[in-house]
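Undergrad: I'd like to ask you about the structure that follows.
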Amino acid sequence: MSASEVVLSSKVWIRSVTLEKAFARQDGISTDNLTPGERRIDKSWEWTFAWLLSGNIDADNQAKAPLIQVDDECSIYDGKKIEISSDLLFSSPSDLMNSIKSSVKRSAGRKCGASLTSPGSSLSSSISPTNAKKKIDKTVPNILMANASDGNLRGSNSHIERVPHDLQTLSNLHEPSVVHTLHRRYDEDMIYTSTGSQILVALNPFKFTMLYEEKVLDKYAELGTWEQSFGPVEESSGGELEALPPHVFRIADNSFRAMMNALQEDGLEDA
């Protein structure tokens with residue numbers, strides 16, 4: 001889809017199963033009794049990227065049904081517009097579990113979907129049928145607002161923001177945006193992602209990387225020394241040192257310095 005073929009509005013994520021039901025209704029097809037092999041969606045993962053052209057997805061404001069345009073090269077509905085009726089905006093726990101269990105589980109490769117795991121596994125199905133009642137006690141939304149960094153890097157999304165280093169900086173912190181961010185970083189060989197200052201998410205690159213050379217270690221040690229004396233280096237500070245992306249070396253350096261500082265403080269108190 002070219003940039004001229006989509007009206008840029010609000011970015012959203014919509015459940016692939018919800019999208020399938022909406023188009024099936026439009027075509028006069030029932031999806032209630034479809035077997036996994038008969039489903040029309042490419043279920044590489046649970047969510048599809050789209051634009052909210054009009055209407056509202058807020059449960060308290062349903063004056064106009066949302067009109068969306070799919071902008072996802074992994075979807076068979078790519079480029080198509082559809083109005084989502086109010087009864088498809090939310091799912092009950094049982095309906096959601098049935099959709100997850102009956103959907104097609106297959107890997108679509110690194111180009112599409114969230115195929116960061118081996119075939120047959122799923123990052124998106126974080127709620128299993130056995131513990132669904134414990135984790136969900138009300139309806140769950142089928143359309144979620146996306147972030148500025150979400151979307152496919154092509155055509156109409158060429159203006160997309162740089163993928164963040166820290167998941168906590170996402171304006172909308174939810175399943176599709178987290179998985180999409182990790183997927184984009186993985187594709188750019190950035191296997192480490194921060195979640196705050198003390199938590200590091202690591203994805204196995206399944207290939208040799210240049211992330212653990214001595215010169216890389218020296219950069220993080222130098223950064224740690226600088227920050228200990230002058231404070232954190234911001235990404236856009238433009239100072240003598242540049243902020244470095246998340247890395248296990250940084251976590252190790254911060255931990256070591258914190259331990260040494262604590263020991264020094266204990267020594268002063270005992271003196």
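The values are calculated or read from the model by the stated rules, or taken from the named source; none is laboratory data. Just so you know, these numbers come straight off a predicted model, no measurement behind them. Note that each Cβ is placed from the backbone with ideal geometry, even for glycine, and that neighbours are counted across all protein chains shown. Heavy atoms of the whole protein, side chains included, go into the accessibility calculation; ligands, DNA and RNA do not. Shrake-Rupley method; radii C 1.70, N 1.55, O 1.52, S 1.80 Å.
Undergrad: Looking only at residues that are open to solvent by 10 Å² or more (accessible area, probe 1.4 Å) and not hydroxyl-bearing (Ser, Thr, Tyr) in region 9-21, which one is nearest to Asn56 (Cα to Cα)?
TA: Lys11
Undergrad: If you go through region 238-257 one residue at a time, do you hit one that is at pLDDT 85 or above and open to solvent by 100 Å² or more (accessible area, probe 1.4 Å)?
TA: yes
Undergrad: When residues of region 160-175 are filtered for being within 24 Å of Ala252 (Cβ to Cβ) and open to solvent by 50 Å² or more (accessible area, probe 1.4 Å), how many remain?
TA: 2
Undergrad: Please verify whether His165 is over 22 Å from Gln26 (Cα atoms) and at pLDDT below 75, treating the condition exactly as stated.
TA: Answer is no for this residue.
Undergrad: Being open to solvent by less than 20 Å² (accessible area, probe 1.4 Å) and in contact with a helix residue (DSSP H, G or I) (Cβ under 7 Å, 6 or more places away or on another chain) is the filter here, so list the residues in region 176-231 that pass it.
TA: Thr181, Thr193, Gly196, Tyr220, Gly224
Undergrad: Sticking with this structure for a sec: Restricting to region 1-52, what's the tally of residues that are among the hydrophobic types (A, V, I, L, M, F, W, C) and modelled with pLDDT of 60 or more?
TA: 15
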